[in-house]
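Data block below; observations after.
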Amino acid sequence: MLSLDRYVIGLLEQKKIDMGHARALLTLSKPSQKIYADKVVSQKLSVRDIENMVIEGSEKNFEKRGKIKKDKHIGKIENQLREKLGIQVDISHSSVKNNGKITLKYSNLEVLEGLLKKLGYKK
């Protein structure tokens, strides 16, 4: 949550958005976080609504860059993992090679330690 824009953190502290909304915004750039957070407040969007908007927005960006559109099922899995782990998750899957990778992005060592604990890693 430390990678959220200060404005979004303020909305969270004021209870104008929920933790679930904030998690959904983690994958966005800070300017985009503000825009989507304002949509949550003004349109009274549910967590699922904002998750779907974020997924659809990222799919449109992939299409604009000429990349392959991400499967909606993969996007939902990414969102579920993002909610459980509290960090940005990216799943890349190749249907041609039938393999892929999962990328977990953390913002600092404290977040990494929390992630490792959630995954059951012991020193």
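A short reminder: the numbers here are calculations on the coordinates, not readings from a lab. Quantities reported herein were computed from a predicted structural model and do not represent experimental measurements. Cβ sites come from the backbone with ideal geometry, for glycine too, and all protein chains shown count toward neighbours.
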Report summary line: Karplus-derived 3J(HN,Hα) from phi for segment 87-97 (6.51 cos²θ - 1.76 cosθ + 1.60, θ = phi - 60°), whole Hz, x at Gly and Pro, runs 9, 6, 10, 10, 10, 10, 10, 9, 6, 6, 8
Requested in this report: Can you tell me how much longer the chain between Lys72 and Val96 gets when fully stretched, taken as 0.36 nm per residue apart minus their C-alpha distance, in nm with one decimal?
Outcome: 6.9 nm
Query raised in the report: Per the Debye formula with a single identical scatterer at each Cα and no solvent contribution, what log10 I(q)/I(0) holds for the chain at q = 0.11, 0.12, 0.17 Å⁻¹?
Result: -0.40, -0.47, -0.91
Query raised in the report: Between Ser32 and Gln80, what length in nm is gained on full extension when 0.36 nm per residue of separation is reduced by their alpha carbon distance?
Result: 15.2 nm
Report task. Quote the charge dipole size of segment 6-118 about the Cα centre in Debye, to the nearest 20; the model charges only the Cβ of Lys and Arg (+1) and of Asp and Glu (-1). Result -> 200
Requested in this report: Please order Ile74, Ile102, Ile87 by the number of other Cβ within 10 Å, starting at the fewest.
Outcome: Ile102, Ile74, Ile87
Query raised in the report: Cross-link list Lys30/Lys118; Lys16/Lys118; Lys72/Lys101; Lys30/Lys97; Lys30/Lys84; Lys76/Lys101: which exceed 23 angstrom alpha carbon to alpha carbon?
Result: Lys30/Lys118; Lys16/Lys118; Lys30/Lys97
Report summary line: Given backbone amide H placed at 1.01 Å from N, residues whose amide H is under 5 Å from that of Gln88, ignoring those fewer than 5 places away on the same chain, are Lys105
Report summary line: For Lys117, counting only aspartates and glutamates whose alpha-carbon sits under 18 Å away and dropping same-chain residues fewer than eight positions off, the answer is Glu83
**Report entry** Net charge of Cβ neighbours under 13 Å - reference Tyr106; Lys, Arg +1; Asp, Glu -1
**Finding:** +1
